[in-house]
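**Student:** Okay, handing you the structure first.
The values are calculated or read from the model by the stated rules, or taken from the named source; none is laboratory data. Being a predicted model, the structure only gives us computed values, none of them experimental. Ideal geometry is used to build each Cβ from the backbone, glycine not excepted, and the neighbour counts take in all protein chains shown.
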Amino acid sequence: MSSTSTPAQDMRAAGLEWAEYVLWSRMQAEAGQKLGTIIARKEVERRAGRGTFCWGVGNAPSTLISALTRTRAEVPVVFSIMKGRPRAVDLAPARTVVWRRFIDSDGVERDLPSSAVVTSRGDGGCGPKQSHYALMCSSTRPLELTYGTPFDVSAHRNAGGSGAPVGASQVTALLRRVEARGESVGYEVNLRATLTSGYWVRLTDPADIDTDLSAALAEAAVLDVAGWLDLARRFRGLPSRVPASGDLLLI
């Protein structure tokens, strides 16, 4: 699209012109893996999950997510590459954990799909990481980075609440499109999906990943579906993290 295109034209180019809401998430290296490696293994997960995959994010769901889940509204997901370089703590975390369960919209703790593997760094700002979240996604197309389609963040507002503009520190947000034309587009539609059952959930049951499993995950892009499902079973078999004194798991 040219620099003179309108937000509506940009949305049509991205196949999003019909969407009342858009889930926007910025992505970069995470849990010791570069972005290209993450997307490659998520594609294997998508194939193993018959089109579904889970994408880990660091912040809690929008307050509107539960309502959208109940009505089964179709919400597209736009992933954009972050502008800044990956942080050292994301490229080389001291510990990495895998999350095996989630809280559904009724408050019930459930196992993640057997094909899902969601990891994060193991430590937060004040000790062991206490919470992590995931976007429950589906895609009929293979996951691969694309370039050239702009996503005008300034043409959107946060859905719910006061409808505030998207903040510079927001990494994942549920947005509503508005008609205002922004001064600068800034981001692209680099990856597309659609929210599916559960939409945006809180994860539970973290387990520390050992060196062998970390190495296996780094090479997971070469696995076939059977190999991926076997690897996912190995993650589910890890012992749950035992809270230290004063370290209560918030589930």
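A quick yes/no check of all residues on (1) surrounded by 19 or more Cβ atoms within 10 Å (Cβ to Cβ); (2) within 13 Å of the chain's Cα centre (by Cα):
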{"site": "Phe53", "(1), (2)": "yes, yes"}
{"site": "Pro61", "(1), (2)": "yes, yes"}
{"site": "Arg72", "(1), (2)": "no, no"}
{"site": "Thr96", "(1), (2)": "yes, no"}
{"site": "Ile103", "(1), (2)": "no, no"}
{"site": "Glu109", "(1), (2)": "no, no"}
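**Student:** If you don't mind, another one. Starting from residues that are modelled with pLDDT under 95 and surrounded by 20 or more Cβ atoms within 10 Å (Cβ to Cβ), keep the ones in region 30-46 and report whichever is nearest to the chain's Cα centre (by Cα).
**Tutor:** Among them, the one singled out is Glu30.
**Student:** Has region 59-66 got at least one residue that is in a strand (DSSP E or B), modelled with pLDDT of 90 or more, aliphatic (A, V, I, L, M) and within 25 Å of Gly163 (Cβ to Cβ)?
**Tutor:** Keep residues of region 59-66 that are in a strand (DSSP E or B), which gives none.
Scanning region 59-66 turns up no residue that is in a strand (DSSP E or B), modelled with pLDDT of 90 or more, aliphatic (A, V, I, L, M) and within 25 Å of Gly163 (Cβ to Cβ).
**Student:** Residues of region 68-117 being outside any loop (DSSP other than H, G, I, E, B) and among the small types (Gly, Ala, Ser), which ones? Give the derivation first.
**Tutor:** If we filter region 68-117 for residues that are outside any loop (DSSP other than H, G, I, E, B), which is where we start, we get 68-71, 76-81, 88-91, 96-103, 109-111.
Across region 68-117, the qualifying residues are Ser80, Ala88.
**Student:** Kindly establish whether Ala180 is modelled with pLDDT under 95, within 30 Å of Pro128 (Cα to Cα), of a type outside the set (Lys, Arg) and touching a helix residue (DSSP H, G or I) at 6+ places or on another chain (Cβ under 7 Å).
**Tutor:** Details: modelled with pLDDT under 95: yes; within 30 Å of Pro128 (Cα to Cα): no; of a type outside the set (Lys, Arg): yes; touching a helix residue (DSSP H, G or I) at 6+ places or on another chain (Cβ under 7 Å): yes.
Criteria not met by Ala180.
**Student:** Then there's this: Only residues in region 200-224 that are at negative phi and modelled with pLDDT of 95 or more count as the first member; pair them with residues that are among the charged types (D, E, K, R) and part of a strand (DSSP E or B), Cβ under 8 angstrom, at least 6 apart or cross-chain, and list the lot.
**Tutor:** Partner pairs satisfying both residue conditions: Leu203/Arg101; Thr204/Arg100; Thr204/Arg101; Thr204/Glu109; Pro206/Arg100; Ala207/Arg100.
**Student:** Further question: Check whether at least one residue in region 140-147 is modelled with pLDDT of 95 or more, surrounded by 19 or more Cβ atoms within 10 Å (Cβ to Cβ), in a loop (DSSP other than H, G, I, E, B) and within 17 Å of the chain's Cα centre (by Cα), and report yes or no.
**Tutor:** Yes, region 140-147 contains at least one residue that is modelled with pLDDT of 95 or more, surrounded by 19 or more Cβ atoms within 10 Å (Cβ to Cβ), in a loop (DSSP other than H, G, I, E, B) and within 17 Å of the chain's Cα centre (by Cα).
**Student:** Restricting attention to region 20-55, which residues are touching a helix residue (DSSP H, G or I) at 6+ places or on another chain (Cβ under 8 Å) and either assigned to a helix (DSSP H, G or I) or small (Gly, Ala, Ser) (or both)?
**Tutor:** Across region 20-55, the qualifying residues are Ala29, Ala31, Gly32, Thr37, Ala40, Arg41, Glu43, Val44, Glu45, Arg47, Ala48.
**Student:** Is at least one residue of region 149-168 within 24 Å of Ala92 (Cα to Cα) and touching a Gly at 6+ places or on another chain (Cβ under 9 Å)?
**Tutor:** No: region 149-168 contains no residue that is within 24 Å of Ala92 (Cα to Cα) and touching a Gly at 6+ places or on another chain (Cβ under 9 Å).
**Student:** Just to check your reading of the model, which residue among Ala164, Ala173 is surrounded by fewer than 16 Cβ atoms within 10 Å (Cβ to Cβ) and not hydroxyl-bearing (Ser, Thr, Tyr)?
**Tutor:** Ala164
**Student:** Check Gly49 against each of (1) over 26 Å from Phe151 (Cα atoms); (2) surrounded by fewer than 22 Cβ atoms within 10 Å (Cβ to Cβ); (3) not acidic (Asp, Glu) and name the one condition it does not meet.
**Tutor:** It fails just one condition, (2).
To keep it simple, each residue is scored yes or no on (1) aromatic (Phe, Trp, Tyr); (2) within 24 Å of Leu35 (Cβ to Cβ); (3) at pLDDT below 95; (4) in contact with a strand residue (DSSP E or B) (Cβ under 9 Å, 6 or more places away or on another chain).
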residue	(1), (2), (3), (4)
Thr172	no, yes, no, yes
Arg176	no, no, yes, yes
Arg192	no, yes, no, yes
Ser197	no, no, yes, yes
Ala226	no, no, no, no
Arg233	no, no, no, no
Arg236	no, no, no, yes
Ser240	no, no, yes, yes
Pro243	no, no, yes, yes
